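Below is one structure, written out as structure tokens, with a few remarks after it.
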Amino acid sequence: FITHSSFPSIILSREGLHEWQDAVNGLANTLKVPSVSITRHAPPFFEIAAPVVGQKSILIWGYQPCENFYCEAVIHSGETLRIPDATKSKGWENSSAVKNEVLSYLGLPAFMPDGKVFGTFFIAHTKTNSLPDESEKLLRQ
């Protein structure tokens with residue numbers, strides 16, 4: 001169980017957000033996927049802090065409830081989550097993500113310098129099994 005106090009409030013600088021924006025746009029173009037993003041955990045929500053800009057993204061900028069979404073699982077576990085086909089993945093087949101047509105996902109936890117989970121860095125797609133094999137390697141860079 002994670003409480004509000006487990007996740008400190010962090011203010012993101014404009015320069016930091018621009019760097020993140022450049023990174024997610026570049027990765028989305030390289031991998032040819034519709035959505036790459038960085039989220040910040042802000043209970044009871046997560047904030048889409050840097051979604052892909054300039055193409056048809058499946059995510060919108062702003063706050064989303066932490067209810068049965070992939071990012072929530074990554075934040076709580078602190079581990080990588082790869083879902084090639086959520087419609088066939090136990091526990092995800094009826095999730096909010098599937099209802100929003102996010103069918104494949106690869107997410108990594110983003111950590112603060114003190115080791116606490118800040119949020120996630122992830123790739124999402126509306127097609128199943130659509131994430132290239134090099135996706136995780138590139139996300140980790």
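The phi-based Karplus calculation (6.51 cos²θ - 1.76 cosθ + 1.60; θ = phi - 60°) puts the 3J(HN,Hα) values of the range 82-96 at 10, 10, x, 8, 5, 5, 10, 9, 3, x, 10, 4, 10, 6, 4 Hz, whole numbers, x for Gly and Pro.
Remark on the range 74-141: Rg and Dmax equal 12.4, 36 Å (Cα only). Derived scalar couplings between HN and Hα for the range 119-132 equal x, 9, 10, 8, 10, 9, 9, 8, 10, 6, 6, 9, 9, x Hz in order, rounded to whole Hz, by the Karplus curve 6.51 cos²θ - 1.76 cosθ + 1.60 (θ = phi - 60°), x for Gly and Pro. Other residues whose C-beta falls under 12 angstrom from the C-beta of ILE38 contribute a net charge of -2, scoring Lys and Arg +1 and Asp and Glu -1.
No value in this document is a laboratory result; all are computed from the given coordinates. A quick note: this is a predicted structure, and the numbers were derived from the prediction, not measured. When we count neighbours, we look across all protein chains shown, and the Cβ atoms used for this are built from the backbone with ideal geometry, even at glycine.
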